[in-house]
Each structure stands twice: as C-alpha cells, then as structure tokens.
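**Student:** There's a structure below that I have some questions on.
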Amino acid sequence: MPGDRAKKLRDVGGEARDQASGTLSNVRGALGKLLKLDNTLPDGLVGLISEGLSLAVRAAGRDSQAAGMTSSVTIMIFGVLTSWTGAGLVLIAIGAVLFAYNTIRLIPVANEYHKKAGRRAGLYKDRDVPLWERD
C-alpha cells in the first residue's frame, strides 16, 4: 500500500524534527546552566563572593552609617589577613576611606546629601550581577 508508506515516511520526518528540536532545547538549557557562574563554582566560593558583594555595597553606604562602618572594618580586617598580597594593602586603604566616609555620614546634613546623591547615582537600586542567579 503506497499510502501507508507515505504516511510512515511523513511520521518519521515529524519524529526526526521533534527529536532535533528537543535536542537543541536540551543543549540550550544545559549551556545556559553552565554559563551561570554560581552554578559552576563550588558553593563555598559562591557564598564568599556573594558575601563580598553585599559587604562592599553596605560599606559604600547603601545601609545605615553603623552598618557601613562595620562593613568597612570587615574589609580592613580581610585586607590585614591578605596583606601578604598587594591586594590586601589595597583593601586596607579602601576600607579606611569607606570608614572615614561613613563616619562623616554621622552628621545629619552629610547623611541627607549622601541619600540624595545615592538615589541619583542608583546606589539604592537592586542590580543583578551578570551571569549570577543566587543572591
């Protein structure tokens, strides 16, 4: 029966198209997961990076003055622990500058100017880190 053979061939073409489409979808999903840094890095390193990012934002003044001062002291302590590298000395300097800045923010007028400038600069907006899913 010629009609049955044509129908079987048509079904084979549809099945091959479905298989190819499913394969491409699976490859796209796997590559998407692989390209997300927090999925490929170990959980301990992801936690360390996440904590470092939130620490930097708090020290820059996104939170209260006390939280900014505490975060900047934490940055300086981490700088002391890594002072044998050049990056440790840079962290100490950055932490000291941020501590001084948050100390100046204790003055109400300076804090108001900080809040206005922070809103204008987008300090209070929640931004996503590229290729990062977890917060």
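The values are calculated or read from the model by the stated rules, or taken from the named source; none is laboratory data. All figures in this text were calculated on a predicted structure; none of them were measured in a lab. Cβ placement follows ideal geometry from the backbone for every residue including glycine, while neighbour counts extend to all protein chains displayed.
**Student:** Considering the range 111-123 alone, what residues qualify as being surrounded by fewer than 14 Cβ atoms within 10 Å (Cβ to Cβ) and either over 24 Å from the mean Cα position of the chain (by Cα) or on the phi > 0 side of the Ramachandran plot (or both)?
**Tutor:** Those that are surrounded by fewer than 14 Cβ atoms within 10 Å (Cβ to Cβ) and either over 24 Å from the mean Cα position of the chain (by Cα) or on the phi > 0 side of the Ramachandran plot (or both): Glu112, Tyr113, Lys116, Gly122.
**Student:** Give all pairs with beta carbons closer than 8 Å in which a residue from the range 12-40 that is closer than 30 Å to Ser50 by Cβ meets a residue that is at pLDDT below 75 and charged (D, E, K, R); count only pairs at least 6 apart in sequence or on separate chains.
**Tutor:** Qualifying pairs under 8 Å: Lys36/Glu133; Asp38/Glu133; Asp38/Arg134; Asn39/Lys33; Asn39/Glu133.
**Student:** Would you pick out the residues in the range 116-135 that are closer than 23 Å to Thr74 by Cα and either at pLDDT 85 or above or of a type in the set (A, V, I, L, M, F, W, C) (or both)?
**Tutor:** The answer is Leu123, Val129.
Residue-wise test of (1) closer than 24 Å to Gly118 by Cβ; (2) modelled with pLDDT under 85; (3) touching a Ser or Thr at 6+ places or on another chain (Cβ under 7 Å).
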residue	(1), (2), (3)
Pro2	no, yes, no
Val27	no, no, no
Leu35	no, yes, no
Leu41	no, yes, no
Ile49	yes, yes, no
Ser54	yes, yes, no
Val80	no, no, no
Gly88	no, no, yes
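**Student:** So how many residues does the range 77-96 have that are within 19 Å of Ser54 (Cβ to Cβ), part of a helix (DSSP H, G or I) and more than 22 Å from the chain's Cα centre (by Cα)?
**Tutor:** Here the count works out to 2.
**Student:** Looking at (1) closer than 29 Å to Lys36 by Cα; (2) at pLDDT 85 or above; (3) crowded, with 17+ Cβ neighbours inside 10 Å, can you tell me which one Arg62 breaks?
**Tutor:** Of (1) closer than 29 Å to Lys36 by Cα; (2) at pLDDT 85 or above; (3) crowded, with 17+ Cβ neighbours inside 10 Å, only one is false for Arg62: (2).
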